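K.L.:
I'd like to ask you about the structure that follows.
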Amino acid sequence: MSSSYIISIDGPAASGKSTVARKLAEKLNITYLSSGSVYRAITYVCLSKNIKPSDENLKDFINTQSFNIEHGKVFVNNQDYSKFLSLPETENAVSSYASLACVREFALTLLRDVAKHESIIMDGRDIGSVVFPNATNKFFLTASQEVRAKRRYDEFCKNHPNEKINLDNILAEIIKRDDMDRKRELSPLIVAENAILIDNSKLNIEETIQAIYNSLHKKTGEA
Ligand code: DC
């Protein structure tokens, strides 16, 4: 592969893209960045200052905050934001902030800057279509809605053994989320041009990584 390269991995919720992207980055010894963590950090800093998505000062506010991304971690005003990114309040609000044009524009600049000086694997919804349309390698991971719902269900049961959860409700959430991601006006979830689509309904994480790895090497071999 060339000295510096960008691998984009897009896909719907629970397609396994973040786990696959993180492990693949370790295997290739390059940086992994979840673009969702940038949207989550913007969301949390706004929530912490009570700036709502409808607030007309939101654009000015985020422009006064200092965002840095180092080794795949997001720092805001020199504070490591990792622990705030999966808080329920962040999780519940992030899609409202991520759908705003000024937030997407702000995130786009940050995400593109990261790849200026290093090779990177980035996952998200629009990495191969909008953020890096010229990425070296583009992948789109997906799986059936039923398989993705079962993965979420199993993950929840593992992390919360004493709580009950209904698989049908999770499936309904996945269907709703897919619909929102695909139909939203800005940067909808699409299979980017030249992206390799991998349906991992019948593959585990290691098999999915291997499928991507094989395709990277096949491409290099052909070049
Ligand atoms: O991948 P994630 O769950 O961390 O994403 C958090 C939110 O950010 C989710 O609402 C989708 C949105 N997002 C986006 O709009 N574009 C991206 N490239 C990545 C995430």
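The values are calculated or read from the model by the stated rules, or taken from the named source; none is laboratory data. Everything numeric in this text was worked out from a predicted model, so none of it was measured. Neighbour counts run over all protein chains shown; Cβ positions are idealised from the backbone, glycine included.
K.L.:
Among the listed residues I165, I127, I212, which satisfies the condition of being touching a residue at least 12 places away in the same chain (Cβ under 8 Å), over 20 Å from A115 (Cβ atoms) and touching a helix residue (DSSP H, G or I) at 6+ places or on another chain (Cβ under 7 Å)?
P.N.:
None of the other options fit; the residue is I165.
K.L.:
Now a separate question. Just to check your reading of the model, which residue among S86, S96 is in a loop (DSSP other than H, G, I, E, B) and either touching a Pro at 6+ places or on another chain (Cβ under 9 Å) or of a type in the set (G, A, S) (or both)?
P.N.:
S86
K.L.:
In the stretch 73-87, which residues are surrounded by fewer than 18 Cβ atoms within 10 Å (Cβ to Cβ) and under 24 Å from P188 (Cα atoms)?
P.N.:
Answer for the stretch 73-87, where residues must be surrounded by fewer than 18 Cβ atoms within 10 Å (Cβ to Cβ) and under 24 Å from P188 (Cα atoms): just S86.
K.L.:
Next question. Can you name the residue in the stretch 17-59 that is within 16 Å of the ligand (Cβ to nearest atom), not in a helix (DSSP H, G or I) and not hydrophobic (A, V, I, L, M, F, W, C) and, of all such residues, is nearest to the chain's Cα centre (by Cα)?
P.N.:
My answer is S34.
So that you can scan it fast, the table gives a plain yes or no per residue for (1) within 16 Å of the ligand (Cβ to nearest atom); (2) in contact with a Gly (Cβ under 7 Å, 6 or more places away or on another chain):
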| residue | (1), (2) |
| --- | --- |
| L141 | yes, yes |
| N166 | no, no |
| N169 | no, no |
| A172 | no, no |
| M180 | yes, no |
| P188 | yes, no |
| A192 | yes, yes |
| L197 | no, no |
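K.L.:
If the requirement is being buried (at least 19 other Cβ atoms within 10 Å of the Cβ) and modelled with pLDDT under 95, which of these qualifies: A25, A14?
P.N.:
Step by step, each of A25, A14 is checked, and only A14 is buried (at least 19 other Cβ atoms within 10 Å of the Cβ) and modelled with pLDDT under 95.
K.L.:
Taking the conditions exactly as written (under 30 Å from H71 (Cα atoms), touching a residue at least 24 places away in the same chain (Cβ under 8 Å) and hydroxyl-bearing (S, T, Y)), does S119 satisfy them or not?
P.N.:
yes
K.L.:
Please specify each residue of the stretch 125-149 satisfying the condition of being under 20 Å from S99 (Cα atoms) and among the aromatic types (F, W, Y).
P.N.:
Result: F132, single match.
K.L.:
So, in the stretch 91-101, of the ones that are surrounded by 15 or more Cβ atoms within 10 Å (Cβ to Cβ) and either more than 9 Å from the ligand (Cβ to nearest atom) or more than 16 Å from the chain's Cα centre (by Cα) (or both), which residue ends up modelled with the lowest pLDDT?
P.N.:
Result: A93.
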